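Encoded as structure tokens, the structure appears first; notes follow it.
The values are calculated or read from the model by the stated rules, or taken from the named source; none is laboratory data. Since we're looking at a predicted model, the values are computed, not measured. When we count neighbours, we look across all protein chains shown, and the Cβ atoms used for this are built from the backbone with ideal geometry, even at glycine.
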Amino acid sequence: MKWVLATGNQGKVKELASMLAPLDVEIVPQSEFDVPEVPETGTTFVENAIIKARHAARITGLSAIADDSGLEVDCLQGKPGIYSSRYAGEQASDSDNVEKLLTALNGVPPQQRTARFRCVLVFMRHADDPTPLICQGRWNGNIAQIAFGDGGFGYDPIFIPSDMTVTAAEITKQQKNKISHRGQALNALLSELPAFLNP
Ligand code: ITT
């Protein structure tokens, strides 16, 4: 069995592929099928994850898993949220986004820098699946004053998980997968998949 991983983000591919490894399924990133990017026109993480999964399933004819995720900063009323990858503009790099967020939080004291990552994973058996499996995770923390660490991707160098004193870019990949928003959503998916596939 082969499923398509409906993301163009290499950071997500690395994390999801290793966590999906125990499944007896070949997980193939959408880049191997030349799936073009689809506009994320939804207004929620759930809508955008469904759009991406449906698009990849339609083009490949395979079952698809998509991830829509982002960072919500409380003192910015939940921004950048669903716009996290495009916070500093359509072509923004991770470091552009990080820089913009640090500038937006300039002068904000530590206790007011609370934030959380959210992840929505959608599994669709086929492009017209009317009841996709939807699993979610969230990871609370604080936004650091400056970036630290080389691991992970995106906003990891400025995200200090609750109960930690280092950023998400300073912990191991295994540690991150155990506790992150994506790790939580994926654990839920893995536990619900058997009943979902064999009702
Ligand atoms: P795809 O749509 O192709 O999956 P994307 O990067 O555009 O890739 P999203 O629209 O879901 O995906 O945006 C997610 C952004 O949220 C991502 O680019 C990061 O900036 C941020 N993000 C999500 N999970 C993260 C994590 O584990 N660590 C750091 N940043 C994360």
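For region 30-85, a residue qualifies if it is free of Cβ contacts under 8 Å to residues at least 40 places away in the same chain, of a type in the set (G, A, S) and within 12 Å of the ligand (Cβ to nearest atom), and the qualifying residues are S31, G81. Just one residue in the set E26, E72, E47 is over 15 Å from the mean Cα position of the chain (by Cα), within 26 Å of S191 (Cβ to Cβ) and among the charged types (D, E, K, R); that residue is E26.
In region 112-144, which residues are in contact with a His (Cβ under 7 Å, 6 or more places away or on another chain) and either part of a loop (DSSP other than H, G, I, E, B) or over 21 Å from A92 (Cβ atoms) (or both)? Don't jump to the end; show me each part of the working.
Keep residues of region 112-144 that are in contact with a His (Cβ under 7 Å, 6 or more places away or on another chain), which gives 117-119, 137-139.
Result: G137, R138, W139.
The single condition among (1) modelled with pLDDT of 95 or more; (2) more than 18 Å from A6 (Cβ to Cβ); (3) among the polar types (S, T, N, Q) that Q136 does not meet is (2).
Listed here are the residues, each with its yes/no results for (1) free of Cβ contacts under 8 Å to residues at least 12 places away in the same chain; (2) hydroxyl-bearing (S, T, Y); (3) closer than 24 Å to L23 by Cβ.
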residue	(1), (2), (3)
A92	yes, no, no
L102	no, no, no
R125	no, no, yes
N140	no, no, no
I143	no, no, no
D150	no, no, no
D163	yes, no, no
S180	no, yes, yes
N198	yes, no, yes
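Restricting attention to region 86-111, the residues that are part of a helix (DSSP H, G or I) and near the ligand (Cβ under 9 Å from one of its atoms) add up to 4.
With respect to (1) touching a Gly at 6+ places or on another chain (Cβ under 8 Å); (2) of a type in the set (G, A, S); (3) not in a helix (DSSP H, G or I), the lone exception for G183 is condition (3). Within region 41-67, the set of residues being surrounded by 16 or more Cβ atoms within 10 Å (Cβ to Cβ) and in a loop (DSSP other than H, G, I, E, B) comprises just one member, L62. Closer than 23 Å to G151 by Cα, at pLDDT below 95, surrounded by fewer than 20 Cβ atoms within 10 Å (Cβ to Cβ) and not aliphatic (A, V, I, L, M): is that true of S93 in this structure? In short, no. Among the residues making up region 144-199, those that are within 16 Å of the ligand (Cβ to nearest atom) and of a type in the set (S, T, Y) are Y155, S162, T167, T172, S180.
The residues of region 145-162 that are assigned to a loop (DSSP other than H, G, I, E, B) and buried (at least 21 other Cβ atoms within 10 Å of the Cβ), listed by number, are G152, G154, Y155.
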